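First the structure, in the form of structure tokens, and then the observations on it.
None of the figures in this text is laboratory data; all of them are computed from the coordinates on show. All figures in this text were calculated on a predicted structure; none of them were measured in a lab. Don't worry about glycine lacking a Cβ; one is built from the backbone with ideal geometry, like all the others, and counts go over all protein chains shown.
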Amino acid sequence: MGSILPNKLREHSLQRKGFRRVASSASPRDYRELAAVFVGGALGTVARTGLSLLATADAARWPWPTFTVNIVGAFMLGYFTTRLLERLPLSSYRRPLLGTGVCGGLTTFSTMQVETLKMIEHHHYGLAIGYTCASIVLGLLAVHLASALVRRAAVR
Amino acid sequence: MIWVGVILAGGVGAVLRFLLDGAVARRAAKSLPFAGLPFGTLAVNISGAAVLGFLGALTLDRYAALLAGTAFVGSYTTFSTWMLETQRLSEERQVRNAVANIVASVVLGIGAALVGQWAGSLL
């Protein structure tokens with residue numbers, strides 16, 4: 001018992017930081033967990049797809065729909081992950097539903113990369129670099145701010 | 001009616017991402033160099049960028065492109081998890097891994113989209 005305790009503690013601390021999934025996702029397969037991911041993913045995708053219909057794809061213009069959902073989704077994931085893993089009792093379904101599902105479905109990497117590729121192909125190099133850098137800097141900032149917000153609120 | 005398709009495509013895309021991410025992350029943790037890099041998310045995002053590039057090169061009608069590209073592949077890949085994992089790496093003072101995760105994702109992502117587009121144009 002004494003020898004496995006440090007490992008367990010380390011695993012728990014990794015889980016709290018969002019690096020490890022809760023052990024329930026190993027085997028046997030938890031179908032309710034998959035259902036939570038499905039429902040959350042569908043919700044996020046409907047929101048993102050609806051927003052994408054508001055603007056026509058144009059390699060010469062800033063892709064506001066993708067940019068907006070990505071930054072908002074990064075903020076939400078930072079908030080949910082920090083709150084669920086560091087502040088609330090571990091739950092098997094909130095993280096798959098809200099994090100993996102809603103935030104994962106709401107945000108997209110592939111669309112961002114194809115949009116950037118189109119900008120490069122149409123020789124809008126400044127736009128391509130600006131879009132990539134702004135997405136990454138603001139995305140990281142959004143996660144940082146959301147995490148700091150949860151941690152500060154919990155101190156009081 | 002198209003929204004039923006969007007719901008199904010988005011749900012399935014998210015479940016596939018969850019399963020592949022988990023499978024890759026479990027294997028990569030032991031075997032690959034750069035231990036600590038989130039290879040699961042990287043694998044999902046790079047493969048998704050290739051598929052979306054491929055789909056873009058095909059002449060799909062508007063609804064097929066919306067369902068397969070925007071809804072399905074869009075949901076399969078994720079920006080938020082990429083950002084969260086990178087921010088947590090830098091928080092843990094693994095700055096080298098955080099930078100590697102950004103550079104690898106951007107370079108391989110654009111490259112994969114380009115290769116996918118090229119493969120689609122051959123059809």
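Looking only at other chains, what is the average number of their beta-carbon atoms within 10 angstrom of each beta-carbon in B:13-23?
For this peptide, the per-residue mean of nearby foreign Cβ atoms is 6.
Lys and Arg at +1, Asp and Glu at -1: add these up for the other residues within a Cβ distance under 13 Å of A:PHE67 and post the number. Spelling it out: positives minus negatives among the neighbours equals +1. Figure legend: label point modelled 7 angstrom from the Cα of B:GLU92 along Cα→Cβ; residues of segment B:1-36 with amide N under 12 Å from it are B:29, B:35-36. Other residues within the sphere of radius under 15 Å centred on the Cβ of B:ALA9, judged by their own Cβ, net out at +3 (K and R +1, D and E -1). Estimated from helices alone, the mean residue ellipticity of the protein assembly as shown at 222 nm is -23000 deg cm²/dmol (sum of -39500 (n - 2.57) over DSSP H runs with n ≥ 4, per residue). Taking a ≥ b ≥ c as the square roots of the eigenvalues of the alpha carbon gyration tensor, segment B:7-123 is prolate, as a/c is not under 1.5 and a/b beats b/c.
Placing dummy labels 7 Å off each Cα toward the beta-carbon, the span from B:LYS30 to B:LEU60 is 3.7 nm. The mean number of Cβ atoms from other chains found within 10 Å of a Cβ in peptide A:63-70 is 2, as a whole number.
Quick one: order B:SER75, B:SER90 by neighbouring beta-carbon count within 10 Å, fewest to most. Please report the intermediate quantities before stating the final value.
On the way: B:SER75 33, B:SER90 18.
Going from sparsest to densest Cβ surroundings: B:SER90, B:SER75.
Below 13 angstrom from the Cβ of A:CYS103, what's the summed charge of the other residues (Lys, Arg +1; Asp, Glu -1)?
Cβ neighbours under 13 Å give a net charge of +4.
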